[in-house]
1. So, in segment 58-82, how many residues would count as being part of a loop (DSSP other than H, G, I, E, B) and surrounded by fewer than 18 Cβ atoms within 10 Å (Cβ to Cβ)?
2. Restrict the check to segment 217-231 and report whether at least one residue is away from the ligand (no atom under 16 Å from the Cβ), within 22 Å of residue 161 (Cα to Cα) and crowded, with 24+ Cβ neighbours inside 10 Å.
3. Could you check segment 334-361 and list, in sequence order, the residues that are touching a helix residue (DSSP H, G or I) at 6+ places or on another chain (Cβ under 6 Å) and either part of a strand (DSSP E or B) or surrounded by 17 or more Cβ atoms within 10 Å (Cβ to Cβ) (or both)?
4. Just one of the numbered conditions (1) surrounded by fewer than 20 Cβ atoms within 10 Å (Cβ to Cβ); (2) in contact (Cβ under 8 Å) with a residue 12 or more places away in the chain is not true of residue 123; which one?
5. Of all the helices (runs of 4 or more DSSP H) wholly in segment 83-191, which have at least 1 residues that are within 16 Å of the ligand (Cβ to nearest atom) and touching a helix residue (DSSP H, G or I) at 6+ places or on another chain (Cβ under 8 Å)?
6. Considering only segment 192-202, state which residues are in a helix (DSSP H, G or I) and under 21 Å from the mean Cα position of the chain (by Cα).
7. Out of 265, 296, 305, 257, report the one residue that is surrounded by 15 or more Cβ atoms within 10 Å (Cβ to Cβ) and over 19 Å from the mean Cα position of the chain (by Cα).
8. On the given criteria, is residue 288 at pLDDT 95 or above, touching a Pro at 6+ places or on another chain (Cβ under 7 Å) and assigned to a strand (DSSP E or B)?
Amino acid sequence: MSLATFPTETLMEITERPPLVFQRGEGSWLWDHDGRRYLDFVQGWAVNCLGHCPAVISEALAEQSRKLITPSPAFYNEPSMQLARLIVEHSCFDRVFFTNSGAEANEGAIKLARRWGAQNKRGAYEIVTFEDSFHGRTLATMSASGKPQFRPLFEPKVPGFPRARLNDLASVEEQITARTVAVMVEPILGEAGVVPATREFMRELRALTRRHGILLVVDEIQTGVGRTGTLWDYEHADITPDIMTLGKGLGGGVPLAALVATEAASCFEPGDQGGTFNGNPLMAAVGRAVLEVVLAPGFLAGVEARGAHLAQGLSRLSGRHGLGEVRGRGLLLALDLRRDVASKVVEVAREGGLLLNAPRPHILRFMPALNLSLQEIDQMLVMLDAALDRVVAG
Ligand code: PLP
């Protein structure tokens, strides 16, 4: 089947897409419009934590869709409370507001912090964020993001986001004034090329924010729900933030995200926050099914073991091809190619049946399903080896 048979021109061009139409997915594999199979190490950008179309999601959707889809967020529904309870019972937080995307969760976190500042810090509203960070594509979350490409876009931006540098506590302290209400941080800068905050930095950041009586917000949209080997990445640093945002893996592939906060930070009043689809039982039932799998005994240890296997394999390839460091945690890893050939590697790998992501010109990012097999990791390494042979040697 030719690509020309599909009405591709009817979609807004928001990104450059490869000439493929994916029609079916199962586990770590995707099939395109020609029936060609691809090993998927992108997984919807770290979204499909249980792979493509897992039975638990199909079953949760089918079962819930026969019971109740959307009563209105102004009424209670059971799946949203059950999922909120699971999150609360397994975290340091007390209350949850469900959203439909990560950006919407972060937008909510910004509003919640400003609301808290109005009540507790004489109207303080500034939120310190980090250079190269990514928090979403609404106007406020683009304003909060430190992604350099966003700087000239959609001016004037939402004010109130002074910038610091990750793993540089002094740069954070410099930005804190009487106007500051919070610091918002991705524990691993994902879009920036998988740059982890160190354990020490996260601990110091917690101590600093406590000292100044301001909130610590962790954006765990990419790192949460088991991606880095613990349920939430902040556990690696052994800290308790005030606010956390979740997305991506929370719904395992369906649009579901969340704003999560401690009781003390949960200061919205009726009318402050809401949304037609927020907390709908159809998506919440999926989130509950996904989280139950991630919480099952041995699952997170499995992520850790697969992550270590993948990291070892990537280090071997790095040595063999004269590349740079392998970094990240769990199954959110990056390989530094030390030269700007990442998009070429992605293209050549795709031709060979492997889907990869290049968040930076010299960086490859790996974010496979959390439950993939060791054989699939080995298969990926063989395919990547071949692509590197062609691009790096060539
Ligand atoms: N925050 C982080 C750390 C992300 O990685 C992303 C998405 O890539 C977002 C926020 C935005 O989430 P969404 O694309 O669901 O709006």
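1. Here is the first cut: in segment 58-82, the residues part of a loop (DSSP other than H, G, I, E, B) are 68-77.
Those left that are additionally surrounded by fewer than 18 Cβ atoms within 10 Å (Cβ to Cβ): 68-72, 74-76.
Going through segment 58-82 one residue at a time, the tally reaches 8.
2. Pass one, segment 217-231, residues away from the ligand (no atom under 16 Å from the Cβ): 229-231.
Add one more test, that the residue is within 22 Å of residue 161 (Cα to Cα), and what stays is none.
Looking for residues that are away from the ligand (no atom under 16 Å from the Cβ), within 22 Å of residue 161 (Cα to Cα) and crowded, with 24+ Cβ neighbours inside 10 Å, one finds none in segment 217-231, hence no.
3. Kept after step one, since they are touching a helix residue (DSSP H, G or I) at 6+ places or on another chain (Cβ under 6 Å), are these residues of segment 334-361: 335, 341, 344-345, 348-349, 352, 354, 356, 358, 361.
Residues satisfying the conditions are 335, 341, 344, 345, 348, 349, 354, 356, 358.
4. Residue 123 satisfies every listed condition except (2).
5. Numbers: elements: 102-120, 139-144, 169-175.
So the answer is 102-120, 139-144.
6. Within segment 192-202, the subset in a helix (DSSP H, G or I) is 199-202.
Correct list: 199, 201, 202.
7. Working: 296 fails: surrounded by 15 or more Cβ atoms within 10 Å (Cβ to Cβ); 305 fails: surrounded by 15 or more Cβ atoms within 10 Å (Cβ to Cβ); 257 fails: over 19 Å from the mean Cα position of the chain (by Cα).
Just one listed residue meets the conditions, 265.
8. Numbers: at pLDDT 95 or above: yes; touching a Pro at 6+ places or on another chain (Cβ under 7 Å): yes; assigned to a strand (DSSP E or B): no.
So residue 288 fails the test.
The values are calculated or read from the model by the stated rules, or taken from the named source; none is laboratory data. Quick caveat, the model's predicted, so the values are computed rather than measured. Methodologically, a virtual Cβ is constructed for each residue, glycine included, from the backbone with ideal geometry; neighbour enumeration extends over all protein chains shown.
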